[in-house]
Amino acid sequence: MEYISVFDMLKIGVGPSSSHTLGPWRAAEAWLELLAENNWLKLCDSIEIDLYGSLSMTGKGHATDMALVLGLCGKDPERMPIAEIQPTLDAVRNESRLLLGNEKRIGFDILEDIHFNNEFLPFHSNGMKFTAYRAGEILSQEIYYSIGGGFVVQEKNDQHAVEIVNAGTYPYPIEKAAQLSEYCAKTGLVISDIVLENEKTLRTSEGIDTELHRIWDTMLECMYLGCHTEGRLPGGLNVKRRAYDSHKTLIGEAHYTNPQEWIAEIRNTEVKFRQILKWVSCLALSVNEVNASFGRVVTAPTNGSAGVIPSVLMYYLVIESHAAGFDEIKRFLLVAGEIGSIFKKGATISAAMGGCQAEIGVSSAMAAAALTELLGGSPEQVMIAAEIAMEHHLGLTCDPIGGLVQIPCIERNAMGAIKAINAAELALDTDPKEVKVPLDEVVNTMRETAKDMHMNYKETSQGGLAIRVALADC
């Protein structure tokens, strides 16, 4: 039985894109492992990478080439100090050499040895081919696909890539939302309890808590950094960071020195009714401004939608329950992760396959469901909240200007967070017996909508805002 862990859905990585940055980075790591296993790493004297489809069309804006270089150098996106990223890239660019797998120095020219091919490979829009040579002869040639959310699969000889995640036996195997509802009804457990029992198959209780603490700490630090960094985002659009000014207006004369003091100060501040939406929007923007500047974020379920879940969780901690602590944070993340996995299994979390409904839509559904459980909603109402949130993101296109995860991506996180809160409130007032659209049906609808959506609106920058607004106009 396949199980997608909460820690598969909520990964720590580097921006700006989980599918175009983190995924290629992880693919490069996987290829290096393959080279090492076959003793090819020491024999290799040159390499080439070919990018296809969406990876090629928007790869420059998403820093796909930069992520590949860092992965080939043996750097870890989860733990590499952010301050070391640019110096590492500069050294490769200036010397036209890289330390492959942190073991063997070979010649490598970023402009010449990474090829952008606009054609599409058959399995997925985000395809990449790695080739290693020795004296001009091919040692290894492998194709990988970045399928969204930092997930990567390798193409096999039969031309089909098969993903197996955490195969094993679990107390509550879940493929569809209806199964999750049945488990809750039979056991009397809430959704977070069901998810926790499955996670215990993979980790100890202490291990689960440690990882969830680390995820939340990363989210909190990201929001803090975004709220305290001014200036403009890199990439050519000249986008002004807005979270800094917004936060400054909201926080007033408060003083603190770290993220923990910051959140304590916010929770002790009386938030006026008209400021609630401003706070949620500010925090969502802050995360995605960090993401857009090659910062460290948590895929939730993707980098492009990383701001929705932390901002909604902060809404709960700041507005709904000042007494809440780690137990509530834990429950929120467990529910969010499971709802995200249902969408991944039944549809997609890749904008290159399904448009932005697959990113902001899914993240909004995840956040709405998690918030509903914390607000006392029944498992049925949790499902209703996820359904409402996605229902009102169906058909959302992905048309980033310049291929950058900035316009309209950053603002969409604020909108997705607001919709999540609204969906939770609507769900809490809904009688489950009156529901007309089950969550599984909206998942199926999203999948069919993704299939019908024109390729121009699937992260190719060939339609919508991407062609209406040129970089030169910004």
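The values are calculated or read from the model by the stated rules, or taken from the named source; none is laboratory data. In this text, all values refer to a predicted model and were calculated from it rather than measured experimentally. Cβ coordinates were reconstructed from backbone atoms using ideal geometry, including for glycine residues, and neighbour counts include every protein chain displayed.
Here are the numbers:
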{"item": "Scope segment 165-193; condition without any contact (Cβ under 8 Å) to a residue 40 or more places away in the chain and either of a type in the set (Gly, Ala, Ser) or within 23 Å of Glu328 (Cβ to Cβ) (or both); matching residues", "result": "Tyr172, Tyr183, Thr187, Gly188, Leu189, Asp193"}
{"item": "Residue match in segment 322-333 (condition: in contact (Cβ under 8 Å) with a residue 60 or more places away in the chain, crowded, with 24+ Cβ neighbours inside 10 Å and aliphatic (A, V, I, L, M))", "result": "yes"}
{"item": "Pairs where the first residue, in segment 147-159, is assigned to a loop (DSSP other than H, G, I, E, B) and the second is at pLDDT below 90 and buried (at least 21 other Cβ atoms within 10 Å of the Cβ), C-beta under 8 Å, 6+ apart", "result": "Ile147/His124"}
{"item": "Residue in segment 208-218 that is surrounded by fewer than 13 Cβ atoms within 10 Å (Cβ to Cβ), free of Cβ contacts under 8 Å to residues at least 60 places away in the same chain and part of a loop (DSSP other than H, G, I, E, B) present", "result": "no"}
{"item": "Single match in Lys419, Lys451 (criterion: more than 26 Å from Val297 (Cβ to Cβ), out of contact with any strand residue (DSSP E or B) (no Cβ under 8 Å at 6 or more places or on another chain) and basic (Lys, Arg))", "result": "Lys451"}
{"item": "Search result, residues across segment 228-278 that are crowded, with 18+ Cβ neighbours inside 10 Å and either among the charged types (D, E, K, R) or closer than 29 Å to His62 by Cβ (or both)", "result": "Leu233, Gly235, Leu237, Val239, Arg241, Arg242, Ala243, Tyr244, Ser246, His247, Pro259"}
{"item": "Filter result (surrounded by fewer than 24 Cβ atoms within 10 Å (Cβ to Cβ) and among the β-branched types (Val, Ile, Thr)) within segment 344-379", "result": "none"}
{"item": "Unmet requirement for Ile49, which otherwise passes all of (1) more than 20 Å from the chain's Cα centre (by Cα); (2) surrounded by fewer than 20 Cβ atoms within 10 Å (Cβ to Cβ)", "result": "(2)"}
{"item": "Considering residues of segment 225-281 that are in contact with a Phe, Trp or Tyr (Cβ under 7 Å, 6 or more places away or on another chain) and touching a residue at least 60 places away in the same chain (Cβ under 8 Å) only, the residue farthest from Pro408 (Cα to Cα)", "result": "Thr229"}
{"item": "Breaking point among (1) modelled with pLDDT of 95 or more; (2) touching a helix residue (DSSP H, G or I) at 6+ places or on another chain (Cβ under 6 Å), for Asn94", "result": "(2)"}
{"item": "Any hit, segment 55-78, residues being at pLDDT below 95, among the basic types (Lys, Arg), loosely packed, with under 14 Cβ neighbours inside 10 Å and not assigned by TED's automatic domain parsing to the domain that holds Val239", "result": "no"}
{"item": "Residue that is free of Cβ contacts under 8 Å to residues at least 40 places away in the same chain and over 21 Å from the mean Cα position of the chain (by Cα), where the choices are Arg93, Arg79", "result": "Arg93"}
{"item": "Residues within segment 209-261 that are among the β-branched types (Val, Ile, Thr) and closer than 30 Å to Asp8 by Cβ, tallied", "result": "4"}
{"item": "Some residue of segment 106-116 being at pLDDT below 95 and either part of a loop (DSSP other than H, G, I, E, B) or closer than 30 Å to Ala367 by Cα (or both)", "result": "no"}
{"item": "Verdict on Ser181 being touching a helix residue (DSSP H, G or I) at 6+ places or on another chain (Cβ under 8 Å), among the small types (Gly, Ala, Ser) and either farther than 25 Å from Leu285 by Cα or part of a loop (DSSP other than H, G, I, E, B) (or both)", "result": "yes"}
